[in-house]
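The values are calculated or read from the model by the stated rules, or taken from the named source; none is laboratory data. Computed from a predicted model, the values in this text were never measured in an experiment. Note that we place each Cβ from the backbone using ideal geometry, even for glycine, and neighbour counts take in every protein chain shown.
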Amino acid sequence: MSAIKEYIQFNLPGIESCLSETVAGLNPLVKPVATHILEAGGKRLRPMLCLLTARALGYEGKDIYPLAAALELIHSATLLHDDILDQAEMRRGKTTAHIVFGVNEAILAGDALLAVANRIVTEYESLPLVRCISQAIYWTAVGEIQEIQQLKEPSLTVEKYMEIVVGKTGYLLQTCCQSGAIMSGSLQEQVEAAKTFGLNLGIAFQLVDDALDYSVSHLNTGKPKGGDLREGKLTLPLILFLQGMSREKRDDLLKKIKGKGLDPFEQQWVLEEMERKGLSRKTRDESNKYLQAAARSLNRFPDTRERDLLYEVLEYIKDRED
Ligand code: FPP
Ligand code: MG
């Protein structure tokens, strides 16, 4: 077994027991929705990043698990809300919470999870920690609003797309590493290195996610292939595809995507053309640039076992297929 898998296996029970304890204390109306999303088998990447960064920078205490779990609760809240906004029917191979429990229930359960996460964070009595977590929640919400705004626009530039990626995914992953660094009591210079590491890793993670949407079936991700295309979401693979078309054809296709949507034959054609042009691969190549930038930030960390494991996390993202 790889060192990172072993590390995760060893630390997962601590995180899971914090999550179960939190869920057990929830109001009975919120509990089933929280259980649904938390038991769907997420990768727990965010808590692990928090743990690894804290320890890589010298944190030796035992009370990091609640903070790590709080980051997973925030992530779960964003997913509950995101699936409503995207009208998604499946996540992680399960019917989404808003379909099982109702839209209002899923919205409010997401709000409750956010509040509980914040309460956990206040227990550390650290203003820098509270500040960095609240900023991440704010930026994530703004990133999502920007994405929704863009859905109404006829086209999207790569620059604007990158801004959305930073907002909706980058900042929360940045915060996982930043909060770990804050817990370690490191100097500002190392907190900055942790932030840059997390941000670049987060951007790369989302780019791979967007590439996977066009490259694998639901058997791996638990989400149907081409979902972004059906949702009219312009992500990097589709932006690259549109850039390779004549203006006339591009405008025509965009009008359909943004209008009533493509029919199944048109969808199939776009998916096949994108595969033929290797646009998923190109998106992953772009993601590798951010993984390299993340690795450069890690070089500024002290030489520890956890730093080596963080390099492994970068490798995992590079090769990720689900
Ligand atoms: C997934 O993107 C969505 C996010 C990473 C962020 C969602 C954020 C919100 C809904 C704003 C609400 C904010 C808070 C803090 C509750 P995606 O749809 O591209 O990925 P997917 O394929 O996994 O759905
Ligand atoms: Mg979504």
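In region 125-238, counting only helices (runs of 4 or more DSSP H) that sit wholly within it, the ones holding 3 or more residues that are within 16 Å of ligand 2 (Cβ to nearest atom) and crowded, with 23+ Cβ neighbours inside 10 Å span 188-212.
Would you please name the residue that is farthest from L129 (Cα to Cα), looking only at residues in region 71-83 that are within 13 Å of ligand 2 (Cβ to nearest atom) and crowded, with 18+ Cβ neighbours inside 10 Å?
Taking region 71-83 as the starting set, the residues that turn out to be within 13 Å of ligand 2 (Cβ to nearest atom) are 75, 78-83.
If we keep only those that are crowded, with 18+ Cβ neighbours inside 10 Å as well, we get 75, 78-81, 83.
On the way: H75: 17, T78: 20, L79: 23, L80: 24, H81: 24, D83: 28 Å.
Across region 71-83, the extreme among qualifying residues is D83.
Considering region 239-274, and only residues there that are touching a residue at least 12 places away in the same chain (Cβ under 8 Å) and not in a helix (DSSP H, G or I), the residue that is surrounded by the most Cβ atoms within 10 Å (Cβ to Cβ) turns out to be L262.
What tally of residues in region 29-70 results from selecting those that are in contact with an Asp or Glu (Cβ under 8 Å, 6 or more places away or on another chain) and within 16 Å of ligand 2 (Cβ to nearest atom)? Result for region 29-70: 1.
For D285, indicate whether it is exposed (fewer than 15 other Cβ atoms within 10 Å of the Cβ) and under 25 Å from the mean Cα position of the chain (by Cα).
Numbers: exposed (fewer than 15 other Cβ atoms within 10 Å of the Cβ): yes; under 25 Å from the mean Cα position of the chain (by Cα): yes.
Criteria met by D285.
When region 84-124 is filtered for residues that are crowded, with 18+ Cβ neighbours inside 10 Å, within 11 Å of ligand 1 (Cβ to nearest atom) and closer than 30 Å to Q188 by Cβ, the ones remaining, listed by number, are L114, A117.
Residues considered: L80, L113, L85. Of these, the only one that is touching a Gly at 6+ places or on another chain (Cβ under 7 Å) and either closer than 24 Å to G167 by Cβ or modelled with pLDDT of 95 or more (or both) is L80. Per the conditions (1) without any contact (Cβ under 8 Å) to a residue 40 or more places away in the chain; (2) more than 18 Å from the chain's Cα centre (by Cα), the sole criterion not satisfied by D83 is (2).
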